[in-house]
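**Q** Supplied in structure tokens, the structure appears directly below.
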Amino acid sequence: MFRTALGAVDPMQEVAVHLAKIGALPPPERADYLTQTFPTETAVAGSLMLKALDAVRDPNRYQDFIRSFIEHFTSLSSVYLRPETAQAMFVQFKNVMDSSGMKPPFGIAQMGKSFRNEVTVEHFIFRSCEFEQMEMEFFCEPGTQKEWMAFWKEARMSWWRRFANYPEDFVFRQHAKDEMAFYADDCYDVEYKYPWGWGELEGIASRTDYDLTQHEKHSGVTLQYVDQEKADPKTGAKPWKYKPYVIEPAAGATRALLCFLIDAYHEEERTTATGEKEIRTVLKLHPKLAPIKCAVLPLVKKDGMPEKAREIIAALLKAGVNAKYDEKASIGKRYAKHDEIGTPYCITVDGDTLTADTVTLRDRDTTLQVRLPIAEVVATIKARLEA
């Protein structure tokens, strides 16, 4: 129903399914093949066939959604995997507003899986048929959408650049008039400079009241807000009954993962103690993005060092710091491993730890090491992670 309300599912898709069943549906790039090869009576009769041919000639009319079937392969059992998380939030607008006592401006946010029948799957996880989305529908008074569009543009770009080593690689691109959806009155993309060129990370669209209007039309449920305190700008009468306008920031979480990995990946040439040149690989993830915040490493697996290291690990975990105990391989190789997986800090337990209650704290990005009392480890790590 969501798809039909938004004009996303055409009834002629059923005809396309019928053509596929009898082997008459060509691949998208050979849509002309059908008219050349199969006579009308082979597929369906009369005008229905002609409409089906129109649908086939325009692959976008039936390709965008990934389709499946419940029980038997019939038109009544058709289901579609959602291509976005947005529409459920529009349907829940009234429920959230009424049950939570909300009034515009307010937003509903959701994160989850989306599915699209992409024509081209490329660049690892940049473009795939299954991906994770983060979307929000922000409902505001008609006439205030430009103000809120500016607000969310600034807020979202600040979020992207906050975690980046190279914030200049994140830019805005405004959609041209002929590029925007017919119902939108403004739209910007947050783009990132990937190794293959600029690509979209997030779209921020001013969708007007189109979605609520369509859902209201097809459901018969009034989707509006009644403001008892304000007068209708057109009539001057109270209350003001209106369908909110919507600002929609829609970001790809899967693409966010990819771009931050690209942004963080560094290869640095350095000279070893023996004078040889080597490449140091380091993943300079922002501490808030790093899966492991701190590694605790006993210098050797004896003399009480593992036991002391595990005590420190327990204290860090209790304080909410995702820390990892690691005793395998030499200390140098363990440092290198944690540089490569993006661990911001390593704590080394050595002989002085047992006699002076101090440890070595190593910074991933600078490789600088300082001595630190064990009693200050948790507070120091937490302070650095929050900086």
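The values are calculated or read from the model by the stated rules, or taken from the named source; none is laboratory data. In this text the structure is predicted, and so the values were computed from the model without any measurement. A quick note on method: Cβ atoms are made from the backbone with ideal geometry, for glycine too, and the neighbour counts reach across all protein chains shown.
**Q** Here are the criteria: (1) under 28 Å from SER128 (Cα atoms); (2) charged (D, E, K, R); (3) without any contact (Cβ under 8 Å) to a residue 40 or more places away in the chain. Tell me which single one GLU202 does not satisfy.
**A** Tallying (1) under 28 Å from SER128 (Cα atoms); (2) charged (D, E, K, R); (3) without any contact (Cβ under 8 Å) to a residue 40 or more places away in the chain, GLU202 fails exactly one: (3).
**Q** Oh, and also: In region 97-134, how many residues are surrounded by fewer than 16 Cβ atoms within 10 Å (Cβ to Cβ) and within 18 Å of HIS215 (Cα to Cα)?
**A** Of the residues in that region, 1 qualify.
**Q** Follow-up. When you check ALA383 against the structure, is it over 18 Å from ARG270 (Cβ atoms), of a type in the set (Gly, Ala, Ser) and touching a helix residue (DSSP H, G or I) at 6+ places or on another chain (Cβ under 8 Å), yes or no?
**A** no
**Q** Need the failing condition index for GLY197 against (1) touching a residue at least 60 places away in the same chain (Cβ under 8 Å); (2) more than 28 Å from ASP98 (Cβ to Cβ); (3) of a type outside the set (Ser, Thr, Tyr); (4) exposed (fewer than 13 other Cβ atoms within 10 Å of the Cβ), just the number.
**A** (1)
**Q** Which residue out of ALA176, ALA164, ALA205 is surrounded by 16 or more Cβ atoms within 10 Å (Cβ to Cβ), out of contact with any Pro (no Cβ under 6 Å at 6 or more places or on another chain), of a type in the set (A, V, I, L, M) and farther than 29 Å from GLN92 by Cα?
**A** The match here is ALA164.
**Q** Sticking with this one: Within region 267-282, restricting attention to residues that are surrounded by fewer than 19 Cβ atoms within 10 Å (Cβ to Cβ) and in contact (Cβ under 8 Å) with a residue 24 or more places away in the chain, which residue is nearest to the chain's Cα centre (by Cα)?
**A** Here the answer is THR281.
**Q** Still on this structure, I have one more. Evaluate region 226-242: report whether one residue or more is among the aliphatic types (A, V, I, L, M) and surrounded by 15 or more Cβ atoms within 10 Å (Cβ to Cβ).
**A** No, the conditions are met nowhere in region 226-242.
**Q** Only residues that are touching a helix residue (DSSP H, G or I) at 6+ places or on another chain (Cβ under 9 Å) and modelled with pLDDT under 80: list them for region 128-152, please.
**A** Result: SER128, GLU130, PHE131.
**Q** Same structure, new question: Would you confirm whether or not region 327-338 contains a residue that is of a type in the set (Val, Ile, Thr), at pLDDT 95 or above and under 30 Å from ALA164 (Cα atoms)?
**A** no
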